[in-house]
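Below is one structure; the comments refer to it alone.
The values are calculated or read from the model by the stated rules, or taken from the named source; none is laboratory data. Every value quoted in this text rests on a predicted model; they were computed, and no experiment measured them. Here the Cβ is made from the backbone with ideal geometry for all residues, glycine too, and neighbour counts use every protein chain on show. Protein only, heavy atoms only, side chains kept; ligands, DNA and RNA dropped before computing areas. Shrake-Rupley method; radii C 1.70, N 1.55, O 1.52, S 1.80 Å.
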Amino acid sequence: MHREEKGKSSETVPWTEGEERAREAIERWRAAPGSACLLHGLPAAGKTALCMWLVAEASARAGVRVTAVHVGRASRFVSEHEILASLLQQLGEDVLHPPRDVLKLRSDLRNRLANGQDEDEPEVLLVLDGLDECVDWPGDARISTLRELGERVRCVVSITGDEGEARAWRERLGWKDRDVQLVEVAPPSPATAERRGIPSWAAAGGNGGPKALAVEVEHELALLERGEVGLEALSLLARALAPLDPEDVAELLEIDNVAALDLLRVYAPFLGRLLRWDEPVRAVRFQHEALRVAWEQRSAGSALAIEARYRRAILRCTAEPSRCRTTYFRRHASMHLALSGSPVASMLAFAEPGWVEAISAEALAYALIDLRRLRDRIGEEVERCGSLPPALAAALVCCAAAQGAAATLGDTEPWESTDADIATPLLDADAARALALLALAAEVSLSAQAGIRERALEIADRTGARWSSASALIAVAEAAEGERRTRYARAALEAARRSDGEDAPRALVVAAGLLPEEEAQEVAAEAIARAGGAPPAIVPEPGVSEASAVALERASRSLPAPQRIRVLARLLAGLPKEAKVRAVQEIERLWTPWCFESTAEAEAVAPYLSDALLERALEEVPVWPVHALGARLISLGREADARALVLRWAASSARYRADALLRLGERLPAGRRPVEEVQALFEELAPEERCNLIKEHPSASVALLGAEAALRIAEDCVEPSGSYVRAVVLARLVKTLPEPMRAEAARRAVLAFEAAGADADVLGDLCEAAPWMSPADAARLLSTSLFDASGTPSLAGVFQGWASVAQLAGVFRRAGGEEAVLAAADEVAFAGRWLRGVE
């Protein structure tokens, strides 16, 4: 077998013995089961040549789709983001419309590879040459994008190192021993290396290897006049993440471009054994990664001084307009700071509007890389601190806002058209900022609340008239007083009238409760007409304010009896005492068999049933839930009848009976609860069914099963949705457990949330458990969840919605106290800088 030598496409050379043995092993792997192959060996042993051969050979085959990346500084692929984006692009994905954060790239590629290919699609072969040269590939196998490979997906990875290092990479990639074949590429003999023109340092025995060559070059430069400049240039190049242009060298040495070019030319004869560049001098780099590593190690004593040069250059770069930034520093500045463990404050420039600019999709993609590195540094500091100091709270919100702004810009693509609608999503973000401030205000002392609340109202004063969200305007109206309250309520009314959404009638109902009494009934009547008189559309669920309930009760008096009785049922909880009595009396007059069409309506009425109506309701149990009727029987002193009711439905499923007994048993005195019956029913259920019952009835479960048993059932929940259900159950149990057990349950809930992949659906319940979390757990939860867990990235989503500042406000309090909440509020207010042009 022959291969083409790199740079010598017109001639072929024989494989070395080590390459030939490795090639034969690869061919055996191709012919046998097993999804992965891991090449390893000393530097320059031939791993890249084998990868190139494999790519060429597989590409020539029908039915194979090859995706390959040569990882390394020379090829300008040193970050995980760049590697994943390239692989997805080769698989036909458009990763720039919109630009994607690395978390999204991981998810997309993981799904693509794990699902495999259909039978009528070509096999996929991934080749990642030199993956160990990626400077930020995750060390945690749980988030490896290559962890699961589908049936028609195969992967080859090469790394520099011995078998032990190869095994470590196998673990890092999440591969099982049975699924991966390790293949060593042995170095050539000295004679073969000489005959082939391979550098002597790469041969077996190595002639001292790259380190010896570095020592020789160092001695030669030391003898030259101003040789220290050449030494410093080499040290700068050794820490570069890509080839450096003369202008990059000039920036680092703080000299002009002409002087940098002259310097490289002067030292070219002495550096040619280590470096490679084009003529005339352009991008400069080490000839091989092993030589770069050797010089980096050789110059370790000057590492701090070199890092300082990079930091100064980056500081100048971030202060420059985008048109003045060199390509190298625009792409790699954040990585230099992240790798050197720079303070978070030094990286906040990447979260400024001047850096996250809507110039192009590619520019936004690089901005997202920078922001992810900033976010990771914040996470590292959160772990180190074990809490959330005010500076980190502000930095976290600042970074999330920039991520959200980049996502919104990527969705609207203003660089593609001057007609792009950027104003609408920015107005939505302004409304969300106001809601975030109101949520944060609820987490501080009374003396600080007014100031934060006023900031929210000032936002509404400036742009509220143009908000499309009636619910946002209602929220600020509820926080306001006097004329402001009425003004916001009327703005909400107008927004609801403009809306064609299904929730418009509900918004009208809520707005009615915020208006003067003389207007409220008219608006309630408008809501009824808008909903077509349908009770679920008028009052989707019980819980409207008293003023809204009163207005709606009056406005609905003209409805036909079947609709009227259902509206009254939905309003009962909100009506004042006298109006409630009249409503119950009217319900009794209007009652007809099966008049309620949902269990929600029946449950709302059940606590007010008279003996006569209760008997009638018992005949309609499919609509009237057993637990609600049983609770009413108990409240009337008819405990035996309540038990008999449950027994009457004993033929139902174990889950149905367990559900009813849990709800009923909680209302009974401790000594008379059906503990044994519930425990027996739980034994009949599958683990996930048990967990789901505790999820729905945490308080009753603790009361009847016991705190320890409820926790044990939650921990025993298994797939298919075990991690998610377990996290929700643990979070809901926290408030119902005895106080000494709550902190431990909260800790377990956070761990289960992380194991479930930070599912945003869990966050609502998890936030309720925040008061019992440790500050360290709360801070980590914020660091991993804010914006990242939302699933629908946008600037508005940073402040309101799932995984937003508003939802996580209580977690801010727990993680860093009132000071963290105030710092977050300051940053939410400061985020208005992303909205210039709409205010």
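Being over 39 Å from the mean Cα position of the chain (by Cα) and modelled with pLDDT of 90 or more is true for just one of ALA512, ALA527, ALA561. Which residue is that?
ALA561
Identify the residue in region 639-654 that is of a type in the set (D, E, K, R) and open to solvent by 50 Å² or more (accessible area, probe 1.4 Å) and, among all such residues, is modelled with the lowest pLDDT.
Across region 639-654, the extreme among qualifying residues is ARG648.
Working only within region 472-496, note down all residues that are within 12 Å of LEU438 (Cβ to Cβ) and open to solvent by 80 Å² or more (accessible area, probe 1.4 Å).
GLU478, the sole residue that qualifies.
Residues in region 495-532 that are in a helix (DSSP H, G or I) and of a type outside the set (A, V, I, L, M): how many?
Qualifying residue count for the region: 11.
Just need a number here: residues in region 59-80 that are open to solvent by 20 Å² or more (accessible area, probe 1.4 Å) and either of a type in the set (Lys, Arg) or under 19 Å from SER158 (Cα atoms) (or both). Break it down into steps so the answer makes sense when it comes.
Step one: of region 59-80, the residues open to solvent by 20 Å² or more (accessible area, probe 1.4 Å) are 59-66, 68, 70, 73-77.
Filter once more, so that each one left must be either of a type in the set (Lys, Arg) or under 19 Å from SER158 (Cα atoms) (or both): 59, 61, 65-66, 68, 70, 73-77.
Adding up the residues that qualify gives 11.
In region 46-61, what residues are in contact (Cβ under 8 Å) with a residue 40 or more places away in the chain and hydroxyl-bearing (Ser, Thr, Tyr)?
Once the filter is applied, which keeps residues that are in contact (Cβ under 8 Å) with a residue 40 or more places away in the chain and hydroxyl-bearing (Ser, Thr, Tyr), region 46-61 yields only THR48.
Regarding region 795-809, can at least one residue be identified that is closer than 19 Å to LEU730 by Cα and either of a type in the set (Val, Ile, Thr) or modelled with pLDDT of 95 or more (or both)?
yes
In this structure, does ARG485 turn out to be closer than 30 Å to ILE528 by Cα and part of a helix (DSSP H, G or I)?
Values: closer than 30 Å to ILE528 by Cα: yes; part of a helix (DSSP H, G or I): yes.
In short, yes.
On the given criteria, is ALA752 assigned to a helix (DSSP H, G or I), surrounded by 24 or more Cβ atoms within 10 Å (Cβ to Cβ) and in contact (Cβ under 8 Å) with a residue 40 or more places away in the chain? Don't jump to the end; show me each part of the working.
Values: assigned to a helix (DSSP H, G or I): yes; surrounded by 24 or more Cβ atoms within 10 Å (Cβ to Cβ): yes; in contact (Cβ under 8 Å) with a residue 40 or more places away in the chain: no.
No: the conditions fail for ALA752.
Inside region 809-839, can you point out the residues that are over 23 Å from ALA460 (Cβ atoms), open to solvent by 30 Å² or more (accessible area, probe 1.4 Å) and either in contact with a Pro (Cβ under 8 Å, 6 or more places away or on another chain) or acidic (Asp, Glu) (or both)?
ARG814, GLU818, GLU819
Please go through region 587-631 and pick out each residue that is assigned to a helix (DSSP H, G or I), within 13 Å of PRO562 (Cα to Cα) and in contact (Cβ under 8 Å) with a residue 12 or more places away in the chain.
ILE587, GLU588, LEU590, GLU601
If you take the residues of region 94-111 that are surrounded by fewer than 16 Cβ atoms within 10 Å (Cβ to Cβ) and not polar (S, T, N, Q), which of them is farthest from GLN403 (Cα to Cα)?
The residue in question is ASP94.
For region 255-296, what are the residues that are assigned to a loop (DSSP other than H, G, I, E, B) and not acidic (Asp, Glu)? Step through it out loud before you land on a result.
Keep residues of region 255-296 that are assigned to a loop (DSSP other than H, G, I, E, B), which gives 255-256, 272-274, 278-283, 287-288.
Within region 255-296, ILE255, GLY272, ARG273, LEU274, PRO280, VAL281, ARG282, ALA283, GLN287, HIS288 meet the criteria.
Given (1) part of a helix (DSSP H, G or I); (2) open to solvent by 20 Å² or more (accessible area, probe 1.4 Å); (3) in contact with a helix residue (DSSP H, G or I) (Cβ under 6 Å, 6 or more places away or on another chain), identify the lone condition not met by GLU443.
(1)
Of all helices (runs of 4 or more DSSP H) completely enclosed by region 123-222, which ones contain at least 2 residues that are farther than 27 Å from SER79 by Cβ and touching a residue at least 24 places away in the same chain (Cβ under 8 Å)?
On the way: elements: 163-172, 190-196, 209-222.
By residue number, 190-196, 209-222.
Being out of contact with any Asp or Glu (no Cβ under 7 Å at 6 or more places or on another chain), of a type outside the set (D, E, K, R) and farther than 29 Å from ARG673 by Cβ is true for just one of PRO536, PRO576. Which residue is that? Don't jump to the end; show me each part of the working.
Numbers: PRO576 fails: out of contact with any Asp or Glu (no Cβ under 7 Å at 6 or more places or on another chain).
Unique residue meeting the criteria: PRO536.
If only one of ALA212, ALA203 is surrounded by fewer than 22 Cβ atoms within 10 Å (Cβ to Cβ) and small (Gly, Ala, Ser), which one is it?
Just one listed residue meets the conditions, ALA212.
Checking LEU271 against (1) over 17 Å from SER346 (Cα atoms); (2) modelled with pLDDT of 85 or more; (3) surrounded by 20 or more Cβ atoms within 10 Å (Cβ to Cβ), which single condition isn't satisfied?
If we test LEU271 against (1) over 17 Å from SER346 (Cα atoms); (2) modelled with pLDDT of 85 or more; (3) surrounded by 20 or more Cβ atoms within 10 Å (Cβ to Cβ), just (2) comes out false.
Restricting region 570-579 to residues that are part of a helix (DSSP H, G or I) and touching a residue at least 12 places away in the same chain (Cβ under 8 Å), which is surrounded by the most Cβ atoms within 10 Å (Cβ to Cβ)?
Per the criteria, the residue is LEU571.
Return the only residue of ALA527, ALA520, ALA534, ALA512 being out of contact with any strand residue (DSSP E or B) (no Cβ under 6 Å at 6 or more places or on another chain), open to solvent by 20 Å² or more (accessible area, probe 1.4 Å) and either of a type outside the set (A, V, I, L, M, F, W, C) or closer than 23 Å to ILE565 by Cβ (or both).
Of the residues listed, the single one that is out of contact with any strand residue (DSSP E or B) (no Cβ under 6 Å at 6 or more places or on another chain), open to solvent by 20 Å² or more (accessible area, probe 1.4 Å) and either of a type outside the set (A, V, I, L, M, F, W, C) or closer than 23 Å to ILE565 by Cβ (or both) is ALA534.
Taking PRO14 as the residue in question, decide whether it is free of Cβ contacts under 8 Å to residues at least 40 places away in the same chain, open to solvent by 20 Å² or more (accessible area, probe 1.4 Å) and under 30 Å from SER107 (Cα atoms).
Details: free of Cβ contacts under 8 Å to residues at least 40 places away in the same chain: yes; open to solvent by 20 Å² or more (accessible area, probe 1.4 Å): yes; under 30 Å from SER107 (Cα atoms): no.
When the stated conditions are applied, PRO14 does not pass them.
So which of VAL249, VAL229, VAL217, VAL266 is open to solvent by 50 Å² or more (accessible area, probe 1.4 Å) and within 30 Å of ILE314 (Cβ to Cβ)?
VAL266
Can you tell me which residue within region 114-142, out of those that are modelled with pLDDT of 90 or more, under 21 Å from the mean Cα position of the chain (by Cα) and of a type outside the set (Phe, Trp, Tyr), is surrounded by the most Cβ atoms within 10 Å (Cβ to Cβ)?
Filtering region 114-142 down to residues modelled with pLDDT of 90 or more leaves 124-141.
Filter once more, keeping what is under 21 Å from the mean Cα position of the chain (by Cα): 136-141.
Still in the running and of a type outside the set (Phe, Trp, Tyr): 136, 138-141.
Details: ASP136: 18, PRO138: 16, GLY139: 10, ASP140: 8, ALA141: 14.
This residue is ASP136.
So, in region 550-561, of the ones that are in contact with a helix residue (DSSP H, G or I) (Cβ under 8 Å, 6 or more places away or on another chain) and open to solvent by 40 Å² or more (accessible area, probe 1.4 Å), which residue ends up nearest to GLU619 (Cα to Cα)?
Selected residue: ALA561.
Kindly evaluate ALA547 against the criterion of being farther than 25 Å from LEU473 by Cα, assigned to a helix (DSSP H, G or I) and either out of contact with any Lys or Arg (no Cβ under 9 Å at 6 or more places or on another chain) or not hydrophobic (A, V, I, L, M, F, W, C) (or both).
When the stated conditions are applied, ALA547 does not pass them.
Would region 447-454 turn up any residue that is touching a Gly at 6+ places or on another chain (Cβ under 8 Å), in a helix (DSSP H, G or I) and of a type outside the set (Asp, Glu)?
Scanning region 447-454, I find no residue that is touching a Gly at 6+ places or on another chain (Cβ under 8 Å), in a helix (DSSP H, G or I) and of a type outside the set (Asp, Glu), so the answer is no.
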